[in-house]
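Trainee: Can you keep this structure in mind? I'll have questions shortly.
The values are calculated or read from the model by the stated rules, or taken from the named source; none is laboratory data. All of these numbers come straight from a predicted model, not from anything done at the bench. Counting neighbours? That spans all protein chains shown, and the Cβs are built from the backbone with ideal geometry, glycine included.
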Amino acid sequence: MANPRNAYGETLVKLGEKYPNLVVLDADLSKSTKTIMFAKKYPERFFEMGIAEANMISTAAGLASCGKIPFASTFAVFATGRVYDQIRIDLAYSQANVKIFATHGGISVGKDGASHQMIEDIALMRVLPNMTVLAPSDATQTGKIVELMATNKGPMYARIGRANAPIIYDKDYVESIELGKGMIVEDGSDVTIIACGTMVDPAIDARKTLLKQGINAQLIDMHTIKPLDEKLVIKCAKETGAIITAEEHSIIGGLGGAIAETLAENSLPVKFRRMGIKDRFCESGEPKDLLEKYGLNEKHIVKNVKDLIGR
Amino acid sequence: MEHYDRKIIDRLDLMAVTIRKHVIEMLYRAKSGHPGGSLSAVDMIVALYFAHMNHNSKNPNDPDRDRFILSKGHAVPALYAVLAESGYFSVDELKNLREINSMLQGHPVCSYVPGIEASTGSLGHGLSFANGVALAGKLDENEYNVYVMMGDGETNEGQVWEAAAAASHYKLDNLTAFIDRNFLQIDGNTEEVMRLESARDRWSSFGWHVTEIDGHNMKQILDALNETDNHKRHPSLIILNTVKGKGVSFMENNVDFHGVPPNEMEYNMAMEELNSLQKKLEG
């Protein structure tokens, strides 16, 4: 187990040495987002903005206009919906080289309840022109994604969850990943599971369970939701004829929405199902109980796959 | 108080009339836009670009340049005209304001137009953006100054006060903000829409160094800029007491010209007034 948030903090420290123009901003949550690691190492390049997210985003744009590479962090709920207009004008429209890195995405935030469980952020960011949208799945991949955010130009949004998560990949495996290219985690012929972020790990377990029951599922880790790897989606649809998406996000407008658009526009006669939060707010509770109640764990993936392909 | 060569003041006053003529011409041609707030902002923008700031139209991305951010983006016709007259792009381009396929959008976009520092139009962002530029200047130990102009109505926005607190917290003494204090916003007098007074006390209590001047008096403008540039430890605010629609008699203090361009008759009247003022200053 490892916490992707720690991977974010550690990678910032590492990149801070290599890139003297990398700066970090936070809105009074540096202990939770782990930007505090960078703050301790490079206090002069860390800007505590207080509980003032709008100001943080526009300030980051000003820093970027002077050649800095700003990473701005807070919880996903405050990093997107609360500051939509600032992101829209100062980052997306202006093509500012600002990286928003949000933690505490999805319902597995747990007991804080729906006010803090961000399930619309991917949709909100995906609809913005010029914006790259990322949802890394484990600590190793998070480190690599943060590095790619720093080295690729343009406004970007990445979100991870709050909780510790199993390590899925070793370092060498993620070294070759590229923004905008999905990862084929496992090959299979009966159905394709396309997952992102916190749903990749339960999808791996679900695949094993399905295999025991004679169903060979292909598994894709779609860490980049925008630009979407449409070529890969089309290839999977043609190969397996059945696609199921899984994300800790609303079924509207996120990974599932993006893939539905691709499938429909390419007239692919494919069985299709979106797993996610079904257009509702959730509630306080233990993360594992919430994921069970709202249908986002290994058991639910297995059930949905079998329903979808009729086996 | 500095003693300026009378010629400098005269030259700036004359340029301000030229810019006002451009503004009227542009808005009349575009058949849309914001005359009132563009005309009230003209004099400070002219003073900055033609007498005060370190900038070079041939090298708009010079890292050492002083920066001006127009937070009240709807006044951009005044800035476009100043940039054109400064050589950032051709004066002829001004006739394309708000036209399709033009780089001169209704509100400024930094990635389209040389010399435009920030994309604005949605009010309340510019001071935060300027803070970022000022922080970068401090970090790089670069001596450039950062200037940002807000509308008075714009300071209704909550983000302005987030930024006001941050600029003071970070002691951004390389930053000077202006409020174009014309007392009018779309729904009427600023004090009736959402009271701003005492603006001076509010900003002072946020830790700002505040001065207040006649925003149409070039000598006062230059004096204030020289004073705030040298002020240490606090960000500076210059409250520009201005007249909305300044320079065109029937637009002055008339909120109906906030976002409505002149019709043909009004255009002719406005140009006549400005032409005769120009002649007087030239004479």
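Rundown of residues vs (1) closer than 27 Å to residue B:217 by Cβ; (2) under 17 Å from the mean Cα position of the chain (by Cα); (3) not aromatic (Phe, Trp, Tyr), yes/no style:
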| residue | (1), (2), (3) |
| --- | --- |
| B:25 | yes, no, yes |
| B:30 | no, no, yes |
| B:52 | yes, yes, yes |
| B:60 | no, no, yes |
| B:71 | yes, yes, yes |
| B:77 | yes, yes, yes |
| B:84 | yes, yes, yes |
| B:93 | no, no, yes |
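Trainee: Further question on the same structure: Right, residue A:133: touching a residue at least 12 places away in the same chain (Cβ under 8 Å) and closer than 20 Å to residue A:16 by Cα or not?
Mentor: Here the answer is no, as residue A:133 does not meet what is asked.
Trainee: Closer than 16 Å to residue B:133 by Cβ, out of contact with any Lys or Arg (no Cβ under 9 Å at 6 or more places or on another chain) and assigned by TED's automatic domain parsing to the domain that holds residue A:146 - does that describe any residue in the range A:70-83?
Mentor: No, the conditions are met nowhere in the range A:70-83.
Trainee: Would you point out which residue out of B:102, B:111, B:119 is small (Gly, Ala, Ser), in a loop (DSSP other than H, G, I, E, B), at pLDDT below 95 and farther than 20 Å from residue B:40 by Cα? So that I can check it myself, show each step before the final result.
Mentor: Details: B:102 fails: at pLDDT below 95; B:119 fails: at pLDDT below 95.
The match here is B:111.
Trainee: With respect to residue B:160, determine if the residue is surrounded by 20 or more Cβ atoms within 10 Å (Cβ to Cβ), within 13 Å of chain A (Cβ to nearest Cβ), under 17 Å from the mean Cα position of the chain (by Cα) and not in a helix (DSSP H, G or I).
Mentor: No; evaluated as a whole, the condition is false for this residue.
Trainee: Within the range A:167-182, is even one residue in contact with an Asp or Glu (Cβ under 6 Å, 6 or more places away or on another chain), at pLDDT 95 or above and within 20 Å of residue A:272 (Cβ to Cβ)?
Mentor: Yes, the range A:167-182 contains a residue that is in contact with an Asp or Glu (Cβ under 6 Å, 6 or more places away or on another chain), at pLDDT 95 or above and within 20 Å of residue A:272 (Cβ to Cβ).
Trainee: Considering only the range A:1-103, give the strands (runs of 3 or more DSSP E) lying wholly within it that have at least 1 residues that are under 23 Å from the mean Cα position of the chain (by Cα) and more than 9 Å from chain B (Cβ to nearest Cβ).
Mentor: Ranges flagged: A:22-26, A:69-75, A:99-103.
Trainee: What are the residues in the range A:106-163 that are more than 15 Å from residue A:81 (Cβ to Cβ), among the polar types (S, T, N, Q) and in a helix (DSSP H, G or I), if any?
Mentor: Selection gives A:108, A:140, A:141, A:142, A:151.
Trainee: Look at the range B:124-155 and say how many of its residues are at the interface with chain A (Cβ under 10 Å from one of its Cβ atoms), in contact with a Gly (Cβ under 9 Å, 6 or more places away or on another chain) and surrounded by fewer than 22 Cβ atoms within 10 Å (Cβ to Cβ).
Mentor: Total meeting the criteria: 2.
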